[in-house]
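Student: Structure below; questions to follow.
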Amino acid sequence: MAFLDEEEQLAVREEPEHPPRREGGPQRKRQQILVRRLIAVGVGVLFLILFVVGIRGCLEARSDRGLRNYASDMGTIMAESEQRGKDFFEAIESTTEIDLANQVASLRGASEQLLDRAEALDAPGQMRGAQSAATLSLRLRRDALATVSENVTGAAADTETADAIESITNAMGELYASDILWIQVADPEIQGVLQEEGVEGIDMPAGNFMPEGSGTEFLDQTEIASIFSGVSGEDSVPGEHGLGLIQTSLGDTTLDPDITNEVSSESDEIAIQVQNQGTAEEAGIGITVTLEGNTFETDIPELAPGETGEAKLRLSPLPQPGAEVTIEVLVDPVPGEAVADNNTSSYQVIFGAG
């Protein structure tokens, strides 16, 4: 019996062992699947965050560029308007009655173009207040010059000048108000938005139309009467007087006022053709070109009736390649010129097209 017991014990000991069973097999798989899903969600969220940050960065860059372009364009317009103001106050103190009327009419036309350009600007939302103030300022300047042009002859007459003097004095008040709108409202608003948005590198012009520091003296009727009493009614040469701006070329490109012109980035020579459309010989024909607030002047010594002459200028500095700018060309009216609307033109130009 003992022998049989030993055999049973050996049989029990020799019985093969089963491999240990893994605990929680299905549960572990579920955990792994859950972890993979969480990782996938985390990666998706990360990509979403990066996408949103990238989009936001692009929008901010676009917003900054829009603010910078607006401030630069408005600054150029106001710098040109400031130059028109200098031309105006120089004219009323040193020219003849008829010549002054024509020059002011030409300046009014140039101011009309500046207003049109300002109203066409795509003002960012933050600049709407500045845009309203700036365009109102330019509108006041245009209207004031129209009033002065209409009343020059009456103000310079020997008798019955009171109404004309009063109208011109009121126009001076509009010019003074236009300066206040720009200097105290529009310009600070633009500067404030740029500073708030962290946009740097934009220098705005003074932009005043009236002489700095002495504008108030032109609000006095006595002063206006004194100025216009010194305006001579003399004309120059007998006959019909009239000039016409025929053509403007920049480099090898003839500029068209109705389209955006593309020129080489190295196009620095501008050529202006002017025709004497009257019956009298003209001499000392002044020409003014304005580019980004810079003024360039030249003249044509003389033109016989029907003759076309050309004047050339070098423009420097030139705008940055790819920049779209406005070039203003003004042919000074001659004494006795009745219509000066065709003495000026404005061109949109992109430098760096080829």
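Student: Between Glu297 and Ser214, what FRET efficiency comes out of the Förster formula 1/(1 + (r/R0)^6) with R0 = 30 Å and r the beta carbon distance, rounded to 0.05?
Tutor: Computed FRET efficiency for Ser214 and Glu297 comes out at 0.80.
Student: If I stretch the segment between Asp258 and Arg128 completely, what's the gain in nm (0.36 nm per residue apart, minus their alpha carbon distance), one decimal?
Tutor: That works out to 44.1 nm of additional length.
Student: So if I take the alpha carbon set of the range 235-354, get Rg, then get Rh from the Kirkwood formula, what is the Rg over Rh ratio?
Tutor: 1.01
Student: Further, regarding this structure: If the viscosity is 0.890 mPa s and the temperature 25 °C, what Stokes-Einstein diffusion coefficient in µm²/s follows for the range 111-188 when Rh is the Kirkwood radius over Cα pairs?
Tutor: Stokes-Einstein gives a translational diffusion coefficient of 181 µm²/s.
Student: Turning to a different aspect of this structure: Starting from the range 99-178, pick out the GluC sites (Glu not before Pro) whose DSSP state is loop and whose Cβ has at most 12 other Cβ atoms within 10 Å.
Tutor: Loop-located and lightly packed - Glu160.
Student: Still on this structure, please answer the following. Given the Cα-Cα distance of Ala206 and Leu121 and 0.36 nm per residue of separation, how much length would full extension add, in nm?
Tutor: Net length gain for the segment: 28.6 nm.
Student: Counting other Cβ atoms within 10 Å of each Cβ, which GluC sites (Glu not before Pro) in the range 180-289 have at most 16 and sit in a DSSP loop?
Tutor: In loop regions of the range 180-289 (DSSP not H, G, I, E or B), the sparsely surrounded GluC sites (Glu not before Pro) are Glu197, Glu200, Glu212, Glu234, Glu240, Glu266, Glu281.
Student: Given the Cα-Cα distance of Glu93 and Thr222 and 0.36 nm per residue of separation, how much length would full extension add, in nm?
Tutor: Taking 0.36 nm per residue and subtracting the Cα distance, the gain is 44.9 nm.
Student: Here's a follow-up. Summing +1 for each Lys or Arg and -1 for each Asp or Glu, what net charge is found among the other residues whose Cβ lies under 15 Å from the Cβ of Ser316?
Tutor: Summing Lys and Arg as +1 and Asp and Glu as -1 gives -3.
Student: Can you give the local net charge around Ser226? Use residues other than it whose beta-carbon is closer than 13 angstrom to its beta-carbon, Lys and Arg +1, Asp and Glu -1.
Tutor: Spelling it out: positives minus negatives among the neighbours equals -4.
Student: Could you give the nm distance between label points at Gln320 and Asn342, where each point is 7 Å from its Cα heading toward the beta carbon?
Tutor: Here the modelled spin labels are 4.0 nm apart.
Read-outs: derived from the displayed coordinates by stated rules, not from any lab. Predicted, not measured: the structure shown is a model, and the values here were computed from it. All Cβ positions, even for glycine, are placed from backbone atoms using ideal geometry, and neighbour counts span all protein chains on display.
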